[in-house]
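The values are calculated or read from the model by the stated rules, or taken from the named source; none is laboratory data. Since we're looking at a predicted model, the values are computed, not measured. Please note: Cβ atoms are built from the backbone with ideal geometry, for glycine as well, and neighbour counts cover all protein chains shown.
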């Protein structure tokens, strides 16, 4: 299957106006979220999923890309602020492509190594989570303590990369170098329209909340990051990094003039001593609010890799990259 790629010029001025304005001058945020930003998982109701229709693509394709054991961390965001070192004002966790930073290009990403079994060079990244009862090694660094993000960075206990189908139709291939964003890192300022945070607890599948979760003994916090999956069929990026790929309706139907692509879901779990408070990194003025959780993806799969993924999902199989 051919994958159409029409590059889109990144609107750096728009980017700076949309996201980086929230950081403003570097000022410390509060050290920890308030008690009201945590909720007992027992009080969170299960989330219902849309029923599959007769033409649904019911397969899944999962990849093992590790859990950032190699410590690939930086305060960059090549999707939203390319060329701006430290532009995120918080620290990102990476799996997949080993080279990703603010100066990455399509060419450098395509030539780099990867942590993914099977050779997927795509880049997957999200803000780190920190335990608040310890001091981080970056207490005096940009993205860390200098931007109000205190605490010790946690390495996830597991990271699941999964591509899923569409409940009402088959999916088409993503174009190479497609850029995706989920969530709103400045939701405290902009409101809840783009919030996609889904905090949960291990062993409590399907229970999601926009607040930090308090998990029972033997269970740890999780984050489930679902990406948009209705592509405009033309662009690999857009000025706001969102309008070229949008979310389907609640029933799974994509808007008119868009095409369903495999839906990326990243599930991240953490091991923490019972009762230990934690928080996600954020822009200083977002005060580490849990609803600001977000993530980014750049597709660097080859045409052959993407075709195998699409075939698996459309045929209703459950595949794993090897």
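So that you can scan it fast, the table gives a plain yes or no per residue for (1) crowded, with 20+ Cβ neighbours inside 10 Å; (2) touching a strand residue (DSSP E or B) at 6+ places or on another chain (Cβ under 6 Å):
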residue: 261; (1), (2): yes, yes
residue: 266; (1), (2): yes, yes
residue: 273; (1), (2): no, no
residue: 277; (1), (2): no, no
residue: 291; (1), (2): yes, no
residue: 306; (1), (2): yes, no
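Residues in segment 146-163 that are part of a loop (DSSP other than H, G, I, E, B) and in contact with a strand residue (DSSP E or B) (Cβ under 8 Å, 6 or more places away or on another chain): 149, 150, 151, 154, 156, 157. When we screen 253, 245 for residues that are under 27 Å from residue 67 (Cα atoms) and modelled with pLDDT of 95 or more, the only hit is 245.
Under the condition of being in contact with a helix residue (DSSP H, G or I) (Cβ under 8 Å, 6 or more places away or on another chain), more than 22 Å from residue 299 (Cα to Cα) and surrounded by fewer than 19 Cβ atoms within 10 Å (Cβ to Cβ), the residues counted in segment 146-174 number 0.
Does segment 9-18 contain at least one residue that is modelled with pLDDT of 95 or more, crowded, with 16+ Cβ neighbours inside 10 Å and not in a loop (DSSP other than H, G, I, E, B)? Within segment 9-18, not a single residue is modelled with pLDDT of 95 or more, crowded, with 16+ Cβ neighbours inside 10 Å and not in a loop (DSSP other than H, G, I, E, B).
So which of 257, 239, 193, 250 is more than 24 Å from residue 143 (Cβ to Cβ), surrounded by fewer than 16 Cβ atoms within 10 Å (Cβ to Cβ) and touching a residue at least 40 places away in the same chain (Cβ under 8 Å)? Just a single option satisfies the conditions, and that option is 250. Condition test on residue 295, is it touching a strand residue (DSSP E or B) at 6+ places or on another chain (Cβ under 9 Å), touching a residue at least 12 places away in the same chain (Cβ under 8 Å) and crowded, with 23+ Cβ neighbours inside 10 Å? Yes, satisfied.
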